[in-house]
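Novice: Below you'll find the structure I mean.
The values are calculated or read from the model by the stated rules, or taken from the named source; none is laboratory data. The structure presented is a predicted model; accordingly, all values stated were derived computationally and were not measured. Cβ sites come from the backbone with ideal geometry, for glycine too, and all protein chains shown count toward neighbours.
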Amino acid sequence: MQVRDILTKKSSDVITVKPGHTLEAASKLLAEYNIGALVVVDDVEHPVGIISERDVVRAVARHGEKVFSFKVSDVMTKDLIIALMTDDLSYVTNTMTNKRIRHLPVMDGDKLVGIVSIGDAVKAQLEYFEGEAHTLRQYISGGYQ
């Protein structure tokens, strides 16, 4: 299974924010769309970072409520790790687990085409294994001739 398989089952909409927007604006987007991360893009919509709920919480813990006037670029994760449409799901899941991240922007060439969360990856793996188990049960019970 590849990343493209996950994106075909979920919305490919990616909510983005600009580096110069305030943390307050970014927080409102996270809440409005009920999501855990925003991809930070430049003026040509190329990803330059990511900002997650964790980033916001850590910034508030360090700086208090004045942090909401900070720019997204002050708080975002700049060392962006991305996924490609052709990446294998197990590779993506291992990357997220080993790097302790929960969201990967997905690129197709130079274009941002989606975002995959650890929840998306786990759900896809569960569906795959449930299908395999069903097929094996049918085979063992003689359901397939």
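For (1) among the charged types (D, E, K, R); (2) in a loop (DSSP other than H, G, I, E, B); (3) surrounded by fewer than 17 Cβ atoms within 10 Å (Cβ to Cβ), each residue gets a yes or a no:
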{"residue": "L7", "(1), (2), (3)": "no, no, no"}
{"residue": "D13", "(1), (2), (3)": "yes, yes, yes"}
{"residue": "L30", "(1), (2), (3)": "no, no, no"}
{"residue": "V48", "(1), (2), (3)": "no, no, yes"}
{"residue": "I51", "(1), (2), (3)": "no, no, no"}
{"residue": "V57", "(1), (2), (3)": "no, no, yes"}
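Quick grid of which residues meet (1) within 19 Å of L7 (Cα to Cα); (2) surrounded by 12 or more Cβ atoms within 10 Å (Cβ to Cβ); (3) at pLDDT below 75; (4) out of contact with any helix residue (DSSP H, G or I) (no Cβ under 6 Å at 6 or more places or on another chain):
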position: D79; (1), (2), (3), (4): no, no, no, yes
position: A83; (1), (2), (3), (4): yes, yes, no, no
position: V113; (1), (2), (3), (4): yes, yes, no, yes
position: A133; (1), (2), (3), (4): no, no, yes, yes
position: Y139; (1), (2), (3), (4): no, no, yes, yes
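Novice: Take the residues in segment 32-46 that are among the aliphatic types (A, V, I, L, M) and closer than 16 Å to D74 by Cα, then tell me which one is surrounded by the most Cβ atoms within 10 Å (Cβ to Cβ).
Specialist: Checked segment 32-46; the qualifying residue surrounded by the most Cβ atoms within 10 Å (Cβ to Cβ) is L38.
Novice: Considering only segment 104-121, state which residues are assigned to a helix (DSSP H, G or I) and in contact with a His (Cβ under 7 Å, 6 or more places away or on another chain).
Specialist: none
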